[in-house]
Every structure is written in structure tokens, then in C-alpha cells.
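The values are calculated or read from the model by the stated rules, or taken from the named source; none is laboratory data. All figures in this text were calculated on a predicted structure; none of them were measured in a lab. Ideal geometry is used to build each Cβ from the backbone, glycine not excepted, and the neighbour counts take in all protein chains shown. Note: accessible area is taken over every heavy atom of the protein model, side chains too, but ligands, DNA and RNA are not part of it. Shrake-Rupley method; radii C 1.70, N 1.55, O 1.52, S 1.80 Å.
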Amino acid sequence: MAIVLLSDLVVSQIAAGEVVERPASVVKELLENALDANAKHIYIEIEEGGRKLIRVSDDGTGIPADEVPLAVMRHATSKLRQAEDLYAIRTLGFRGEALASIAAVSSLTLVSRHRQEKMGVELHMQGGEVLRQRAVGVPVGTVVSVENLFYNTPARLKFLKAENTERRHIQNLVGDYAMAYPQVRFVLVQDGREVFRSTGSGALEDVVVKVFGLETFRQMLPVYSEDVLRSRDGSVRLRGFVSTPTLHRSDRSRVVLFVNGRVVQDSGLAHAVTQAYHMLLERGRYPYAVLLLDVPPDFVDVNVHPTKAEVRFQDNSAVFAVVQRTLRSALLQTTHETDNAPSLPTSVVPTATQATLGWVLDTSGTARARRRELLHEREEDLAAIPEGVGKPAKPRTLPPLRVVGQVGGTYIVAEGPSGVYLIDQHSAHEAVIYDELNDYLQREQPIPLHEDVGATVEVRAVQARVLEAILPALARFGVVLELFGSATVLVRAVAQCVPLERASDVVTRLLLLLEKHVDVQTAALQAISTTAAVRIGQRLTHDEMQELVRKLERCVTPLQSPSGRPTLLHMSAEQLSQEFKRRS
Ligand code: ADP
Ligand code: MG
């Protein structure tokens with residue numbers, strides 16, 4: 001074949017392949033255009049999974065009549081003027097090829113009225129060619145209808161997935177954008193039935209509830225952080241919701257990520273998210289997450305991928321670190337912080353944990369304030385659950401669980417709203433006691449003690465010297481000791497939760513922890529909780545188990561014992577039906 005320059009139409013059809021892969025990609029481009037036009041309401045109609053019709057109507061600024069023919073030409077954009085602008089893109093679109101590409105492989109009708117014009121324009125295209133154009137009286141905004149997608153590209157048509165698959169894709173996509181733009185109302189109608197609607201209230205949590213459902217939302221935590229970039233002006237802001245480790249699924253598809261309002265499928269970012277769950281989720285299990293990341297426009301390159309799904313940051317590792325750290329600390333510290341934050345760090349945070357987990361406390365005031373706000377809202381939502389016994393003293397960190405029974409004198413089997421829980425009675429009790437002791441300290445109340453215990457422990461001289469140096473601190477943390485000679489320790493009093501006959505075990509454990517360089521407070525509280533917790537093999541009555549579980553439901557760290565072991569395993573209803581092959 002001789003070499004010829006391809007006609008514009010053929011070029012468009014080839015390019016269309018890159019931008020318009022499937023019906024959902026058309027929906028994505030049209031949604032982005034509506035959002036770029038500052039729409040407040042976006043109405044999406046789909047027929048036959050998008051193959052027959054995709055229509056997106058918006059109440060945005062509209063297109064000036066004389067620019068309408070331009071809008072559907074390749075490389076026609078109102079959003080970019082010169083290549084340098086690429087480095088500071090604030091709009092979702094910028095290449096000016098979406099409408100032209102879509103028009104090349106469908107019948108496209110564009111109706112638009114600019115907000116400063118009296119009349120609108122209607123433009124019909126077929127296979128990339130303009131058939132007719134006329135003035136019409138319409139409200140301000142834009143309606144793009146795409147009919148018979150891929151009618152002239154049989155190869156692509158053949159590879160279209162089943163209608164249901166496309167439908168699901170489109171629904172996920174609309175839900176994702178609705179979460180990224182909570183201030184915009186999205187309505188999705190598929191084959192005449194409304195399948196999704198967001199309120200446009202501006203509250204992310206409202207949309208998350210709509211998209212994921214209330215049951216799932218109840219097992220999600222708000223995250224927020226704002227980090228000033230060290231290398232330059234500006235900051236990295238992260239906000240959103242992530243699931244507690246009790247809620248997970250077998251694929252990554254519900255880790256929804258946005259960068260500057262753009263949906264991205266960035267494997268690096270997704271990895272940073274799953275890394276935050278390291279040791280909290282089993283291998284092959286993934287969380288639910290919706291995370292909105294905002295960075296300075298010129299800190300991110302969005303022009304590295306045809307559908308703009310992947311992005312490149314000026315400093316990838318800095319961004320990933322923010323994501324990981326923010327999520328990790330939210331996951332480990334699932335409850336509210338006290339208002340007098342300066343007293344919080346170092347003394348309360350277990351330093352060993354801090355170091356191994358890279359846990360950095362978020363000390364920025366706005367972040368704290370926002371987190372409190374979100375937690376408060378979440379609490380209100382949770383408070384709406386009928387509880388029977390009035391307002392909870394502490395916020396829930398687990399859904400309400402019903403004890404079913406005990407297995408092997410070791411595990412408590414419980415049922416929750418979304419599946420089955422297997423709870424390690426010892427680790428769970430440890431977590432609960434540790435939390436209760438911490439509460440006393442935070443309220444600046446003395447830890448209740450057994451007085452006059454009178455047990456003695458023999459220690460090495462060097463250990464006695466260590467203890468001697470920290471006696472007053474230990475007394476505050478529930479371990480009142482006295483030294484006799486160079487190697488005898490007398491336990492005068494110990495936290496009331498410790499059974500008397502085990503008082504000396506507290507000292508032994510305490511010394512072990514101190515040798516591992518755990519700080520005094522953590523070592524004391526941990527030694528007490530481990531000693532006081534119910535043991536493995538201990539039979540519990542139903543009421544005892546239910547009481548323990550009630551406390552665990554409001555424990556600050558319900559998923560991990562103070563020594564770092566998991567307290568529970570969760571099998572979701574989804575997982576169970578998969579295992580039993582009940583999935584349709
Ligand atoms: P891009 O979004 O990359 O600029 P498109 O082909 O998607 O390219 O759109 C071309 C131009 O048409 C846009 O730059 C914009 O000016 C205009 N346009 C498209 N859709 C809309 C809309 N819904 N509302 C207002 N203007 C629109
Ligand atoms: Mg566009």
C-alpha cells in the first residue's frame with residue numbers, strides 16, 4: 001500500500017480507541033466535561049449498558065453558540081493554551097479529544113446553551129461528521145447524547161462485555177465521581193430505573209453511605225491529614241474514609257482514589273493504601289477506601305496515560321508516605337483524641353509501637369479539628385442506631401456483636417451485622433483492660449488498687465536498680481513496689497483488675513518489657529493487662545463473654561492486643577457465601 005496521510009476521520013477513529021474503550025469511558029469523559037463546566041446537577045441516562053444510549057445532562061456554564069462546532073473537533077479545548085499549561089492543570093479535561101473521539105464512533109447529539117446567551121445550539125453528528133446544526137430554546141447547560149456506540153467499529157463492538165458488566169462499571173464510576181464531588185448532585189438512570197442518586201449536600205459521608213451502603217460505612221473510619229511539602233510551597237491534603245480491618249474483600253476494586261478530583265487507578269497509590277493494612281489484613285484481602293488526595297496542580301503530571309488513569313507525582317515516595325502514615329494512624333487509633341493535645345504524644349503513645357509502625361501523630365491543628373468533626377458526625381450517625389441503654393460513653397469501634405458461644409475455652413464466636421467474628425478471649429480482654437487503664441490516666445484519676453498485697457519477687461540486682469529509679473512513676477501506673485535489700489521486691493499494691501494471686505507476675509512481665517526498652521507507662525499497663533486478662537482455656541459464661549465483647553466494641557484499639565497480637569478474625573457474609581459457593 002502506498003503511504004497516504006490518514007483522513008481526519010480515520011485518525012479520530014484510531015484515537016477513539018484510546019480514549020473510548022467502553023461505554024464507561026464515554027460516561028467518564030462526559031462527566032468530567034460537566035464537572036469542568038461547574039455543573040451542580042448531573043443527570044445520567046443509560047440504555048442497554050450504554051450501547052444504545054448514553055446521555056449526560058448538566059446545568060454547567062454551557063458552550064457559546066459559535067464554539068459548539070469547535071468543541072467537537074479534535075484538539076479543540078477551552079482548557080489549555082500552551083504546553084506549559086500542562087504542568088498546572090486544574091480541569092479534568094485538557095486534550096480536547098474526548099468529544100471528537102466519541103463522535104467518531106457513534107451518533108452524537110450536543111445541545112448546549114451558554115449562560116450568557118439567550119438561545120442554545122443543537123448539533124447532530126454521525127460517525128464524526130456534522131449532519132446538521134440549529135438554534136434551539138433550551139435551559140442553560142449542556143446535554144450530550146451518544147447513541148449506537150461503536151456502530152461503525154465492529155471489532156470494538158464485538159469485544160464489548162456483557163450488558164450487566166457495563167452497567168456495573170458505569171454505576172461504580174458514577175458513584176466514584178459522586179464521592180469526589182459531594183457538592184454536586186448525581187442521578188443515574190439505567191434502562192428507565194433510577195439506580196443511584198447523591199444529594200449534593202457537600203458532605204462526603206453522605207455520598208459514601210449512598211455508594212457503599214450504611215452497613216459498610218459503619219465499619220469505615222474517617223481519615224484526614226494535611227502535610228506541608230518540605231521541598232516547596234503547598235501541601236498534600238488527604239481525606240476520605242477507609243474500612244476498619246474487620247471489613248475487607250477479595251479484590252482491590254473498592255479502593256477508590258482521586259487526585260485533585262480525578263479518578264485514578266494508580267498502582268503505586270493503591271499499594272500505599274494496602275500497605276497501611278500490613279499485618280491487619282490477611283494476604284489477598286483488600287480494604288474499602290475512598291481517598292481524596294489534593295496536591296498543588298504542578299506537583300502532579302496527569303498527562304502520562306491516555307485515559308489519564310495514572311498520574312506521576314514530583315515526589316512519589318513523599319505522597320505514598322503521607323497516605324500510609326495517615327491511614328495507619330487512623331487504623332490504630334480509631335477513636336477521638338482529647339482536646340488538650342499537647343499532653344497526648346510521647347507519654348501516651350507506646351514508643352516501641354511508634355517506631356516499628358512508623359506511627360507519627362498528626363499534630364496539625366486543622367487536621368485534628370477536622371478529624372474530631374468527622375468523628376463527631378460519625379458518632380451521631382452511630383448514635384442513631386437503637387441502643388436501648390441510652391447514649392454510649394465512648395464511640396463504637398466495632399459493630400454490635402452477639403455472642404454465639406465459646407470454642408476450645410479460647411475463642412468467642414460472635415455474630416455481627418456483616419458476618420462472623422472469632423475473638424481471642426485473652427487478647428481481646430488485654431486490649432479492653434489496657435484501654436480502661438489508659439482512660440483513668442487520661443482523666444487524671446488514680447487507677448483503683450488492691451492495697452496491702454504483700455507478695456514478694458526475687459530479682460537480679462541490676463533489675464532492682466532499674467525498678468528503684470522508676471518507683472514513683474510505676475505507682476501512678478498501678479504498680480506500687482518497695483525494694484528490700486538488693487534483690488527483693490515487695491508488691492505493696494497493684495491494679496484492682498489483677499487477681500491477687502497473680503500480683504507478682506506483673507513484676508516479672510514488667511521487667512521483661514523494660515528490658516525490651518518499652519517505656520515505663522506502656523510496660524506497666526501492658527504487664528497489668530496481660531496478667532489480669534482471662535486466660536486461654538478458661539471457661540466463660542455467656543454473660544461474661546457478652547460483657548467482654550460489649551467492652552471490646554468500644555475499645556480504642558479493638559483489633560490489636562497491647563502486645564500487638566490480633567484480637568479477632570472476621571469472616572464477612574460475602575466471604576462465607578463465597579466459601580460455600582452460594583454466590584449466584
Ligand atoms: P477537553 O475536555 O479535553 O477540553 P472535550 O473534547 O472533552 O475536550 O471537550 C471540548 C470542549 O468542549 C471543552 O474544552 C469545553 O470547552 C467544551 N465542552 C464539552 N463539554 C462541555 C460541557 N458539558 N459543558 C461546557 N462545555 C463543554
Ligand atoms: Mg473533556
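What figure in square angstrom, to the nearest 10, would you give for the accessible area of Ile536 with a 1.4 Å probe?
100 Å²
For Ser267 and Gln578 in one chain, what is 0.36 nm times their gap in residues minus the Cα-Cα distance, to one decimal in nm? Intermediate values should be presented prior to the final figure.
On the way: separation 311, 0.36 × 311 = 111.96 nm, distance 2.62 nm.
Fully extending the segment from Ser267 to Gln578 adds 109.3 nm.
May I have the pair-distance distribution P(r) for the stretch 213-335, computed from all Cα-Cα distances with 10 Å bins from 0 and rounded to whole percent?
All Cα pairs considered, the percentages come to 13, 47, 31, 9, 0.
Expressed in nm to one decimal, what extension gain is obtained for the pair Met119 and Asn316 from 0.36 nm per residue of sequence separation less their Cα-Cα distance?
Values: separation 197, 0.36 × 197 = 70.92 nm, distance 4.76 nm.
Between Met119 and Asn316, full extension yields an extra 66.2 nm.
Which whole-angstrom value gives the distance between the alpha carbon centres of the stretch 170-192 and the stretch 540-584?
If we compute the Cα centre of each part, the gap is 33 Å.
Kindly write out, for the stretch 98-103 in residue order, the coupling ³J(HN,Hα) from the Karplus curve 6.51 cos²θ - 1.76 cosθ + 1.60 (θ = phi - 60°), rounded to whole Hz, with x marking Gly and Pro.
5, 4, 4, 5, 5, 4
Near Lys158, which aspartates and glutamates are there with a Cα under 17 Å away, not counting those fewer than 8 places off in the same chain?
Excluding near neighbours in sequence, the set is Glu18, Glu21, Glu48, Glu147, Glu166.
Order Met119, Met220 by their accessible area, 1.4 angstrom probe, all chains in place, largest first.
On the way: Met119 95, Met220 0 Å².
Output order, biggest surface exposure first: Met119, Met220.
Please report the relative contact order for the stretch 449-584, taking Cα pairs under 8 Å with a sequence separation of at least 6, and give it as a percent rounded to a whole number. Kindly include the intermediate steps, with their values, before the conclusion.
Details: 138 pairs, mean separation 27.4, N = 136.
Contact order relative to length: 20 percent.
What is the magnitude of the charge dipole of the stretch 213-335 about its Cα centre, with +1 placed on the Cβ of each Lys and Arg, -1 on the Cβ of each Asp and Glu, and no other charges, expressed in debye to the nearest 20? Could you put the intermediate results ahead of the total?
Numbers: 15 positive and 12 negative charges, 65 e Å.
Roughly 320 debye, rounded to the nearest 20.
So which of Lys40/Lys161; Lys210/Lys551; Lys28/Lys161 end up more than 25 Å apart, counting from Cα to Cα? The partial results should precede the final answer.
Values: Lys40/Lys161 32 Å; Lys210/Lys551 30 Å; Lys28/Lys161 17 Å.
In this structure, Lys40/Lys161; Lys210/Lys551 exceed 25 Å between Cα atoms.
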